[in-house]
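Here is the structure we will look at, set down as structure tokens.
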Amino acid sequence: MINGIISVLVVFLLMGTGFYFTRTKKWVQGTSQIFSTVVVQIAAPALAIVSIENRFTPALLKSSLWNLLIVACVMLLMHFLGRLLGNLMNLPKKKKAVFTTTFTFNNSMFIGLPIISIIFGHDGLPYLFTFYLVTITLFWSLGAWTISQASDQVRFRAFSVRRIFSPGLIGVLIGCLLAGFSLKLPLVLETILTYLGDLCVPLSLLGIGANLSSSLSKGMMKITIDQIVILFGKFVLNPLLIWGAFSLMGVSGLPLKVFIMAASLPCHAQTAILAQFYDVEGEYASNLVSLSTLVSLITIPVYAGILL
């Protein structure tokens, strides 16, 4: 449990580094935009390929199909509810896109991996990877499409197959093909992709910290109704929906506990970097990611205590 909380603190220390270098103007202007471009177009696809290839087997993919379907249905329901709530609160187009995406997706890998490992041991990891596979697939397809459609730049809004198949989703598909056919990349290519994938988390968090600096320079962040709704969705509604869906299908024990814990994690950190890339309320997205991560310092021990 201590290691799980330390993981959350690491998130804030990395964001704090980006915050400090931006606030003190030690970085040239536009550095955070470079980070977002590297993450979205290079690091995230590389991370998807190596993480799926190394953590999934054909048997695991086949046995996980039913669980994958249930998790996907819950995420799609969360996405629909996010859109509905965004409309009810009359959020502007860009904020609504970010709100919907943060409402839907969780930080199931960077924070989830150490927490699930500590709480449930290695036996819980296959179920976490199942949740992660759905998350990364829908995030880099539905999530990326939702935010891109709110961009002011026509080239991002124009419909095309290429637009749907974002670099991140292409990485997911390649990883699934490799895992499904038990193929391994050549060592040189595997090493290169591993190094590039390792850039994903630190650059994302540095970029979020930079956005936070820009946001706070305009005044202290105030808690608004949409942020409260996000927190309710992350830490109450999503775990309840996962619990209800899997219980209804007769799933219990360790799989159910892992899926509930994964559903109670904070907002997907790369939402902020994706919003920055498409120039769609990057500061707002950073605020939501940071706030939910901070609150998770409280909710992680609470859920761990309940599930154990």
If ILE230 passes every condition in (1) within 22 Å of ASN90 (Cβ to Cβ); (2) outside any loop (DSSP other than H, G, I, E, B); (3) open to solvent by 40 Å² or more (accessible area, probe 1.4 Å) but one, which one does it miss?
-> (3)
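Given ALA263, ALA272, which one is within 22 Å of LEU133 (Cα to Cα), touching a Gly at 6+ places or on another chain (Cβ under 7 Å), open to solvent by less than 20 Å² (accessible area, probe 1.4 Å) and in contact (Cβ under 8 Å) with a residue 12 or more places away in the chain?
ALA272
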With the checklist (1) under 30 Å from SER252 (Cα atoms); (2) at pLDDT below 90 in hand, flag the one item VAL74 doesn't pass.
-> (2)
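Residue-by-condition table, conditions (1) open to solvent by 60 Å² or more (accessible area, probe 1.4 Å); (2) of a type in the set (S, T, N, Q); (3) modelled with pLDDT of 85 or more; (4) on the phi > 0 side of the Ramachandran plot:
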{"residue": "ALA144", "(1), (2), (3), (4)": "no, no, yes, no"}
{"residue": "PHE156", "(1), (2), (3), (4)": "no, no, no, no"}
{"residue": "LEU178", "(1), (2), (3), (4)": "no, no, yes, no"}
{"residue": "THR194", "(1), (2), (3), (4)": "no, yes, yes, no"}
Of (1) of a type outside the set (A, V, I, L, M); (2) closer than 21 Å to ALA245 by Cβ; (3) open to solvent by less than 10 Å² (accessible area, probe 1.4 Å); (4) under 18 Å from the mean Cα position of the chain (by Cα), SER51 satisfies every one except (2)
Every pair of residues 6+ apart whose Cβ atoms lie under 9 Å, when the first sits in the stretch 179-198 and is touching a residue at least 60 places away in the same chain (Cβ under 8 Å) while the second is open to solvent by less than 50 Å² (accessible area, probe 1.4 Å) and of a type in the set (Ser, Thr, Tyr) | GLY197/SER51
Among helices (runs of 4 or more DSSP H) entirely inside the stretch 59-136, those with 2 or more residues being surrounded by fewer than 20 Cβ atoms within 10 Å (Cβ to Cβ) and not charged (D, E, K, R) are 65-88, 112-120
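The values are calculated or read from the model by the stated rules, or taken from the named source; none is laboratory data. Computed from a predicted structure; not experimentally measured. Note that we place each Cβ from the backbone using ideal geometry, even for glycine, and neighbour counts take in every protein chain shown. Areas reflect the complete protein model, heavy atoms only, side chains present, ligands, DNA and RNA absent. Shrake-Rupley method; radii C 1.70, N 1.55, O 1.52, S 1.80 Å.
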